[in-house]
Amino acid sequence: MADEKDNGKEGDLELDKSGKKKKMIIIIIAVVVLLAGGAGAYFFFMGSDDNSANQAALDTTLESDSGAVAKVESGAQLGSALYVPMPRPFRFNVPGAARDRFVEIRVQLLVRGGDNEENAKMHIPLIESTLLGIFSQANADDLSTSAGKVSLKQQSLAAVQKVMTDVEGDKTVEKVLFTGFVMQ
């Protein structure tokens, strides 16, 4: 009987040691994976400086080829880019195939020059109303895809430019930017 108890204790000790070894190996692997991920993220984010320098050189080359002052597709003249934020996010429900979804979109407008900035700020209620009309026509299935979001941005830009052309005589807004997009 005593021998059987001793053999049972030795078996437990061996199982205990092998369990500790497995835990230690798992911990070491987890630490190595985390360190590798951190190093990869560091190089990914810190390596973007070269890309911005290359983009600036490309922009300079394109600018020198096209002339001193050019027109942007939207009709706004190139100049200092200014961003006009909408004062509050757009919150609304959209229908979906399975169920209705709640959407919150934060919007900023890209304009060129101080005059366009003042025009956009002066007509924020009109722009908000126009955007809300466009957003209310969307559905959840389209907004869940990136193509649907791009389409919504394009529709928003066209509607805002049309309204601003009617009111101010020029498009004023170059781009509609979604700075926050949440769908639940």
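Values computed for the structure shown
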read-out: Failed criterion for ASP142 (all others in (1) out of contact with any Gly (no Cβ under 8 Å at 6 or more places or on another chain); (2) open to solvent by 50 Å² or more (accessible area, probe 1.4 Å); (3) free of Cβ contacts under 8 Å to residues at least 40 places away in the same chain hold); value: (1)
read-out: Some residue of the stretch 96-103 being part of a strand (DSSP E or B) and surrounded by 14 or more Cβ atoms within 10 Å (Cβ to Cβ); value: yes
read-out: Qualifying positions in the stretch 72-107 - farther than 22 Å from GLN184 by Cβ, modelled with pLDDT of 90 or more and not aliphatic (A, V, I, L, M); value: TYR83, PRO85, PRO87
read-out: The stretch 163-180, residues that are touching a residue at least 12 places away in the same chain (Cβ under 8 Å) and either assigned to a loop (DSSP other than H, G, I, E, B) or surrounded by fewer than 15 Cβ atoms within 10 Å (Cβ to Cβ) (or both); value: VAL167, ASP170, LYS171, THR172, THR179, GLY180
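The values are calculated or read from the model by the stated rules, or taken from the named source; none is laboratory data. This structure is a prediction, so every number in the text was calculated from the model and none was measured. Please note: Cβ atoms are built from the backbone with ideal geometry, for glycine as well, and neighbour counts cover all protein chains shown. SASA here: full protein model, heavy atoms, side chains in, ligands and nucleic acids out. Shrake-Rupley method; radii C 1.70, N 1.55, O 1.52, S 1.80 Å.
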